[in-house]
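Participant: This is the structure I want to talk about, given as structure tokens.
The values are calculated or read from the model by the stated rules, or taken from the named source; none is laboratory data. None of these values were measured; they are calculated from a predicted model. Neighbour counts run over all protein chains shown; Cβ positions are idealised from the backbone, glycine included. For accessibility, only protein heavy atoms count, side chains too; no ligands or nucleic acids. Shrake-Rupley method; radii C 1.70, N 1.55, O 1.52, S 1.80 Å.
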Amino acid sequence: MIALVGNQNSGKTTLFNLLTGTQQKVGNWPGVTLERKVGKIKSTDHEIVDLPGVYSLSAYSSEETISRDYLLNDRPNLIINVLDVTQLERSLYLTMQLIDLKIPMIITLNMKDLADKKGIVIDLDKLNEILKYPVLEISALKKTGVDELVNLIENAKKITPVEIKYFSEDIEDALSKISKKVNHKSKRFIASKLLEDDLLIKEYETDEIKSIREDFVNTHNYQMDEQIAHERYNFIEKIKKEAVTYNENFYKESITRKIDKIVLNRFLAIPIFILIMTAIYYLSAGVVGGYTVGLIEGIFESISSSAETWLESVGASPWSISLVVNGVIGGVGAVLGFVPQLLILFLLISLLEASGYMSRIAFTLDQVFRKVSLSGKSIIPFILGIGCSVPAIMATKTIDDEQEKEMTIYLAPFIPCNAKLPIIALFAGYFFPNNRGLITVSFYFMSIVVIGLLAFILKKLAFKKTSTGYISELPTYKLPSARYVTRDVLGKIWSFIKRAGTIVLLSSIIIWFLASFTWSFSYTTDPSRSILRTFGDILAPIFYPIIGNLNWGASVSAIQGLVAKENVVSTMGIIANLTAEAVEALGSDPTPEALRALFGSEANTLFSTFTGLSAFSFMTFNLFSAPCFGAIGAMRDAFGSTKKMWLAVILQTGFAWLLAAAIYGIGSLIGVLIA
Ligand code: GDP
Ligand code: MG
């Protein structure tokens, strides 16, 4: 019989299963409820038993009693000592006792995969020289080195019991005196236990032995069991000095551990995360965003005005000028205006990802997120979502679990992206000029609540399976590689631009056509006569519960939002009879005064139909309804299914409608009650 012996969690059972395959019998050890597994090593006749995990061969627990009794009384022909090589000190403490048993042994250093990762390097020849038994490294989990182990087992006859005198001279002396009087094959081990005065081994104690021990104890001022343990550890220290070295991975690991003490700290992890995110948001949407959006807008303005001048000079018709200026340059330019701030956002996120920080946040949030069928990895899409839903949806591909991935695709567009901010700026600036910041924050907050709520509902309704793939391994921190970051950022930006050039361009032209032509296909600059107005009228009843009146302009604006969300703003401006210049002059971050001056003009019948409440609920609808066409296309790609894409669009829009209607309804009710 071969016995697997080792600490708890050293990988004995994993190795046992690997060696025996299906050829195993599972029962209980006599008198206890501990599992006893016996089997035959695949394609051999060797029987093998998986002993309970122990740290020493005392008899303080039932595991120890069973293992010790088995080794002393049943005496297997061979011990396979399984060590967790990342816990070498603790593991060798047991090995030293096993050596004292004088049973042939193979010393198996398990978890080689982890040792490699942690930079622990074992000099196997040296270890073999010291411990005399064959030593090898394996990974039971990754199934490496197991053939070599089976080979050693096949040739186990060549392994003879060894004796290593590792105690100090006087103890060795006493041990040899006692062991001469013991009639057992494991003399040395029993002698050591007798010297310790181990009560459970008293059956071997004779008067002679007793007097040897008492003599020894009287001449030495030792607590015997402590001294023996102490000397074993001294010897292990020596082994480690000679046979264990550490490579650069170890130092990276230890730096990582130090950083993680802070970053993964139970109380600090989330505040640090929020701090970092605020900084990222401030940098991308705030500083860089504010500056560059204006800059790019300026560039596109000059492009469209020179295009306009040129087209006029060659005598192009007004509708073709409008096609180029509003349909093409307007639509695509609106989207491309976000490139600089997305570049910053992608760059910062990519740096955090490549450094190893993002994995930690994913790890921290994993348990919470999993309760609602999301993965810790969903956090990256959600963060990217504050920039743009397109890269956010694309980033879901790193989520392994299909269900968690789909949930994330459904929910990521609920994060208010940069393009939705002008909507908030417009309405909040006009209706809540003194509380604009508060309104903006309330929408971010609402989006988190909405995502949590929807995740919960979706899990209850559709995604029932509980998933298993917990994040367990964290990479070490490292300096991000410039190549990786560059490729990552440019890849994301490029796919964003590609969408602007395809889906957004096409949809922008279609919507432009609907907004610029009447049913008799004559060109018009008055949206109220356009084809789109008919759509607006048809959809107006749907918006009734949200804004409390039939307003074709509002529904047309929402449709325009499908091209790019900030188009809601320019459409409202156009419908409100503002000149294009006036709307452009507002910029992306208009002051409340400018808004009032413009939208408060008497020409504006559109805005006057809104109240603070309906403005809020209309914003809610626009912020949480289906994203723009670009993001809808990204959803299709990510799902790999047009059907699921439609489902998501309907779900998102439906939910946004319910939420907006609820806000308006409840708000109106409160208004009535107060009045
Ligand atoms: P036992 O208590 O000694 O029976 O240990 P198990 O076989 O139950 O293994 C304990 C844990 O260690 C399990 O989660 C295993 O998947 C894991 N494990 C076992 N061998 C290896 C290995 O070689 N590498 C790694 N990374 N993990 C391992
Ligand atoms: Mg086990």
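Participant: Placing +1 on the Cβ of each Lys and Arg and -1 on the Cβ of each Asp and Glu in the chain, which of Ile448, Ser317, Gly671 has its Cα farthest towards the positive end of the resulting dipole?
Facilitator: Ser317
Participant: Kyte-Doolittle mean at least 1.6 and Cα extent at least 20 Å along the axis: which DSSP H helices of the chain qualify?
Facilitator: Passing helices, by number: 339-355, 436-461.
Participant: To the nearest 0.05, what FRET efficiency results for Asp225 and Val368 with a Förster distance of 45 Å applied to their C-beta separation?
Facilitator: According to the calculation, E is roughly 0.45.
Participant: For Thr502, what accessible surface area do you get with a 1.4 Å probe? Give it in Å², rounded to 10.
Facilitator: Approximately 80 Å² of Thr502 is accessible to the 1.4 Å probe.
Participant: Right, here's the next one. Between Glu47 and Arg75, what is the label-point separation in nm under the 7 Å Cα-to-beta-carbon projection?
Facilitator: 1.7 nm
Participant: Want the number for Glu242 to Glu473: 0.36 nm per residue separation, take away the alpha-carbon distance, what's left?
Facilitator: Working it through step by step, the gained length comes to 80.2 nm.
Participant: Also, quick follow-up: Calculate how many DSSP beta bridges within the range 2-158 are antiparallel, expressed in % of all such bridges and rounded to the nearest 5.
Facilitator: 35 percent
Participant: Solvent-accessible area per residue for the range 169-256 at a 1.4 Å probe radius, Å²?
Facilitator: Per-residue accessible area for the range 169-256 comes out at 58 Å².
Participant: Continuing with the same structure: From the phi angles alone, apply the Karplus equation (6.51, -1.76, 1.60; θ = phi - 60°) to the range 46-57 and give each ³J(HN,Hα) in whole Hz, x where the residue is Gly or Pro.
Facilitator: So the Karplus estimates, Gly and Pro as x, are 6, 8, 9, 10, 9, 7, x, x, 9, 9, 7, 9 Hz.
Participant: Within straight cross-link reach of Lys187, meaning Cα distance under 21 Å, which lysines are found once same-chain residues fewer than 8 apart are removed?
Facilitator: Hits, sequence-local ones excluded: Lys102, Lys132, Lys165, Lys177, Lys202, Lys210.
Participant: Quick one: order Ser641, Ser43 from most to least accessible surface, probe 1.4 Å.
Facilitator: Ser43, Ser641
Participant: Out of the chymotrypsin sites (Phe, Trp or Tyr not before Pro) in the range 223-273, which ones are loop residues according to DSSP with at most 10 other C-beta atoms within 10 Å?
Facilitator: Phe267
Participant: Turning to a different aspect of this structure: Using protein chains only and a probe of 1.4 angstrom, how many square angstrom of Val672 are accessible, to the nearest 10?
Facilitator: Its accessible surface works out to 100 Å², give or take rounding.
Participant: Residues of the range 315-351 with the amide nitrogen closer than 17 Å to a label point 7 Å from the Cα of Ala482, along Cα-to-Cβ, please.
Facilitator: 347-348, 351
Participant: Continuing with the same structure: For the chain, what is the mean residue ellipticity at 222 nm derived from helices alone (per DSSP H run of n ≥ 4: -39500 (n - 2.57); sum divided by total residues; nearest 500 deg cm²/dmol)?
Facilitator: Mean residue ellipticity at 222 nm (helix-derived): -18500 deg cm²/dmol.
Participant: For the range 310-394, compute Rh as the Kirkwood radius over C-alpha pairs and then the Stokes-Einstein diffusion coefficient at 10 °C and 1.306 mPa s; write the answer in µm²/s, rounded to an integer.
Facilitator: 101 µm²/s
Participant: Right, next: Per residue, how much accessible area does the range 2-158 have with a 1.4 Å probe, in Å²?
Facilitator: Solvent-accessible surface per residue comes out at 42 Å².
Participant: Oh, and also: Counting only protein heavy atoms and using a 1.4 Å probe, what share of the accessible area of the chain belongs to carbon plus sulfur, as a whole percent?
Facilitator: Its accessible area is 61 percent carbon and sulfur atoms.
Participant: I need the calculated FRET efficiency for the pair Ile262 and His184, taking r as the beta carbon distance and R₀ as 56 Å, to the nearest 0.05.
Facilitator: For Ile262 and His184, the calculated efficiency is 0.55.
Participant: Label the range 169-256 by shape, choosing from rounded, prolate and oblate, from the square roots a ≥ b ≥ c of the eigenvalues of the Cα gyration tensor; if a/c is under 1.5 it is rounded, and otherwise prolate applies when a/b is larger than b/c, oblate when it is not.
Facilitator: Prolate shape, in that a/c is at least 1.5 and a/b is the bigger ratio.
Participant: What spacing in nm lies between the two simple spin-label points modelled at Glu163 and Lys210, each 7 Å away from Cα in the Cβ direction?
Facilitator: It works out to 2.6 nm between the two label points.
Participant: Choose one of Leu351, Ile547, Ser520: the residue whose Cα lies farthest towards the positive end of the charge dipole of the chain (beta-carbon charges +1 Lys, Arg; -1 Asp, Glu; about the Cα centre).
Facilitator: About the Cα centre, the residue reaching furthest to the positive side is Ser520.
Participant: Quick one: work out the % antiparallel among DSSP beta bridges in the chain, nearest 5.
Facilitator: The antiparallel fraction comes to roughly 45 percent.
Participant: Using the crude model of +1 on Lys and Arg Cβ and -1 on Asp and Glu Cβ, and no other charge, please compute the dipole size for the range 2-158 relative to its Cα centre, in debye to 20.
Facilitator: For this selection, approximately 200 debye.
Participant: So if I take the centroid of the Cα atoms in the range 1-61 and the same for the range 518-546, what is the distance between those two points in Å?
Facilitator: 77 Å
Participant: HN-Hα J couplings of the range 81-86 from phi, Karplus 6.51/-1.76/1.60, θ = phi - 60°, integer Hz, Gly and Pro as x?
Facilitator: Ordered by residue, 3J(HN,Hα) equals 8, 9, 10, 7, 5, 7 Hz.
Participant: Name the residue farthest towards the positive end of the dipole of the range 169-256 from the options Ala191, Asn247, Ser211, assuming +1 on Cβ of Lys and Arg, -1 on Cβ of Asp and Glu, about the Cα centre.
Facilitator: Asn247
Participant: Taking the Cα centre as origin and putting +1 on Lys and Arg beta-carbons and -1 on Asp and Glu beta-carbons, what dipole magnitude results for the chain, to the nearest 20 debye?
Facilitator: The dipole magnitude comes to about 1160 debye.
Participant: Could you grab the Rg to Rh ratio for the chain? Cα atoms only, Kirkwood for Rh.
Facilitator: Reported Rg/Rh, Kirkwood definition of Rh: 1.20.
Participant: Using a simple spin-label model with points 7 Å from Cα along the Cα→Cβ vector, what separation in nm is obtained for Ser528 and Gln87?
Facilitator: 7.9 nm
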